[in-house]
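To start, the structure under review is shown below, and the notes come after it.
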Amino acid sequence: MIENVDPALIDWSRAQFALTAIYHWIFVPLTLGLSFIVAIMETIYVRTGNEEWKRITRFWMTLFGINFAIGIATGIILEFEFGTNWSNYSWFVGDIFGAPLAIEGILAFFLESTFIAVMFFGWNKVGKKFHLASSWLVAIGSNLSALWILVANAWMQNPVGMVFNPDTARNEMVNFWAVLFNPVAVDKFLHTVSSGYLLASLFVLGISSWFLLKKREEWLAKRSILIASVFGLFSSLMVAFTGDTSARTLSELQPVKFAAFEALNEGKQDAGLVAFGVLKNSEDNIGSRKLNEFVFRIEIPGFLSVMSGGDRNVFVPGIKDLINGNEERQILSVTEKMDRGRYAKKVLTDYKLAKSQNNKEQAEALMNIFGNRDFIDNYFRYFGYGFLRSPEDAIPNIPVAFYTFHLMVMLGFLFIAVFVVSLFLVLKGTLTKYRWFLWISVAMIPLAYIASESGWILAEMGRQPWIIQDLMPVSAAVSQISPGSVMTTFILFSVLFTALLAAEISIMTRQIKTGLKH
Amino acid sequence: MRRILKPLASLSGFYIDGFRNMSSWGRKVWIIIVIKLFLIFLILRIFFFQDFLKKRFGNDEERSKYVLDQLTNPTVTHD
């Protein structure tokens, strides 16, 4: 890694970004999903003309409004952090990040802020259909906002559609559509928004179950559970399906992350998927890095190969194959990638030197190398490896990747089962008899947040050491500022976000207890 | 002129009326929004989150040179 960078600076900068992103993600998924649930309920009201549906819509709209309002601008802080703590990265990504975020800002402003006012102030002042259209536009707008953020994030996981300009040290977008339809972006968007729908469905299911346990608002609760169960079952199946396609993309584009979340040391055909397992440190190591092995595991035979390539015979490379290389499978070693990355860095250094010495002939010759396809595809694409000290630096934290992945998947299957049972019981009309199930439904609310956050921790921790896959490690991205100042803002954020979360929970709890009376 | 002013007046009336008749939870979240935006944009942004490259360098050329130095000469000492 960059030799003179204080590890404390990197750690605090990462911790601060993680804290901000985790808190921000508490508010976002509920907005994504609840906006659609509210729009569906209002559609039923407009179609049936039943005033009870209007009251239900307004109840859930209130909770949506509280969450939306408390969450406003928590994402802006992430953009501040890019400019202050991650200035090398911000400069290096150039307009790739700027364009999607600018579109997101415009969409968020015009769609959400305009129509959300109609949603809340417009009852009995605008026509029913116009109000309904506003509710749908808020839902679509908030999901489209998420699209652009996820496009930017996906570019970090799989940088495409750009060329590097050695004069400015920036990447320049040359193909907007490649950035937008980046396979990681498509998978990530579908998986993320559907997980938001799932979380919101569990939120509605849990609160409605609480009403039934308290023998209150039964009409609201039963109809809300019906909507939440149908929407939640559809969403949870979509989450499972998009998770599967994401895994396939991941195995191709981020194979180290793929191997890490299964703690797969040795590559193999007919590789099994660990359904449940416990890790311990192994005697085996790569360089100075200890690997992990299983204390015990329950495995689904051949399923990891199927997830990776649709066939049990597909070879899934393990961490050793990916770090040490595997000639038979044509996998480059990290040592080889480090050599190529160092060569790319040297060409850039020589170019900078030639320019500073006004050696136009050499500068032009070196500039031509940057336009050469072979150099771009086989050397510059490994630019980030030039910053690594040793091959094992390319291994992420395996236990974190493994446990977050398995926790997310196990909870995902639990949620599917909960939606199936709730739908069955509510259709049968016997839901209120099963108080234990109502309590389970209430308990699903925090579990939904845990699953959702686990997904992001896996996505971001699993791709370490990269801030931009293969092009830039986090250590090269960080600004040369004092770790003390990052630590100070970390504490400030902890206080601010905790206060916001406490405010949200407090206001929301009061509104839930008020029920339909407000 | 009236054609422009009338819709503007009804639009502003829509918002004024909305805020005036706001529920108690609405007032609370607006207070939180205002405090939060104040903290984020007037305290954190100004005192803690200045743009590192914009603050240190006057133009893009200097910024490019700095980042190039960072990427190509990792042993350089930074103040």
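Any read-out appearing in this document is the output of simple, stated calculations on the displayed coordinates, not a laboratory observation. Note that this is a predicted model, so its numbers are computed, not measured. Every residue, glycine among them, receives a Cβ derived from its backbone with ideal geometry; neighbour counts consider all protein chains shown.
Can you return the lysines within cross-link range of residue B:54? Criterion is Cα-Cα under 18 Å, with same-chain partners fewer than 8 residues away left out.
Once the sequence-local lysines are set aside, what remains near residue B:54 is B:65.
Given the range A:255-395, what count of lysine pairs have C-alpha atoms under 22 Å apart, with each pair 8 or more places apart or on different chains?
20
Quick check: pseudo-label points 7 Å beyond the Cα along Cα→Cβ at residue A:410 and residue A:266, how many nm apart are they?
For residue A:410 paired with residue A:266, the spin-label model returns 2.7 nm.
Give me the net charge of residue A:288's neighbourhood, meaning all other residues with Cβ under 12 Å from the Cβ of residue A:288; Lys, Arg count +1, Asp, Glu -1.
Surrounding charge for residue A:288 is +1.
Extension gain residue A:237-residue A:130, at 0.36 nm per residue separation less the Cα-Cα distance, in nm?
35.3 nm
Between residue A:330 and residue A:450, 0.36 nm times their residue separation minus their Cα-Cα distance comes to what?
Net length gain for the segment: 39.4 nm.
Could you go through the range A:95-107 in sequence order and give the Karplus-derived ³J(HN,Hα) for each residue, using 6.51 cos²θ - 1.76 cosθ + 1.60 with θ = phi - 60°, rounded to whole Hz, and x for Gly and Pro?
Values, residue by residue: 7, 4, 7, x, 4, x, 5, 5, 4, 4, x, 5, 4 Hz.
So if we plug the beta-carbon distance of residue B:2 and residue A:18 into 1/(1 + (r/R0)^6) with R0 = 41 Å, what FRET efficiency do we get, rounded to 0.05?
After rounding to 0.05, the efficiency reads 0.15.
Note down the relative contact order for chain A as a percent, whole number, built from C-alpha pairs under 8 angstrom at least six residues apart.
Averaging sequence separation for qualifying contacts and normalising by length gives 21 percent for chain A.
On average, how many beta carbons from a partner chain sit within 10 Å of the beta carbon of a residue in B:29-36?
Per residue, the average neighbour count from other chains is 5.
Once Lys and Arg get +1 and Asp and Glu get -1 on their Cβ, which of A:344, A:282, A:300 lies farthest toward the positive end of the dipole of the range A:255-395?
Positive-most Cα among the choices belongs to A:344.
Among A:231, A:77, A:53, pick out the residue whose Cα is farthest towards the positive end of the charge dipole of chain A, where Lys and Arg carry +1 and Asp and Glu carry -1 on C-beta, about the Cα centre.
Most positive-ward Cα: A:53.
For the range A:255-395, I need the span (max minus min coordinate) of the C-alpha atoms along each principal axis, in Å, sorted largest to smallest.
The Cα atoms of the range A:255-395 stretch 64, 33, 22 Å along their principal axes.
Between residue A:181 and residue A:226, 0.36 nm times their residue separation minus their Cα-Cα distance comes to what?
12.7 nm
Using r as the Cβ-Cβ distance of residue B:56 and residue A:78, and R0 as 25 Å, what FRET efficiency do you calculate, to the nearest 0.05?
FRET efficiency, residue B:56 to residue A:78: 0.70.
Taking amide H atoms as placed 1.01 Å from N in the peptide plane, list the residues 5 or more away in sequence, or in a different chain, whose amide H sits under 5 Å from that of residue A:292.
Correct list: A:282.
Mind checking which aspartates and glutamates have their C-alpha under 18 Å from residue A:54, skipping anything on the same chain fewer than 8 residues away?
Counting by Cα, and skipping residues close in sequence, residue A:54 has these aspartates and glutamates nearby: A:42, A:217, A:218.
Could you give the radius of gyration (one decimal) and Dmax (whole number) of the Cα atoms in the protein assembly as shown, in Å?
Radius of gyration, then largest Cα-Cα span, for the protein assembly as shown: 26.2, 84 Å.
Less than 24 Å apart at the alpha-carbon level, and either on another chain or at least 8 residues along: which lysines does that give for residue B:36?
B:28
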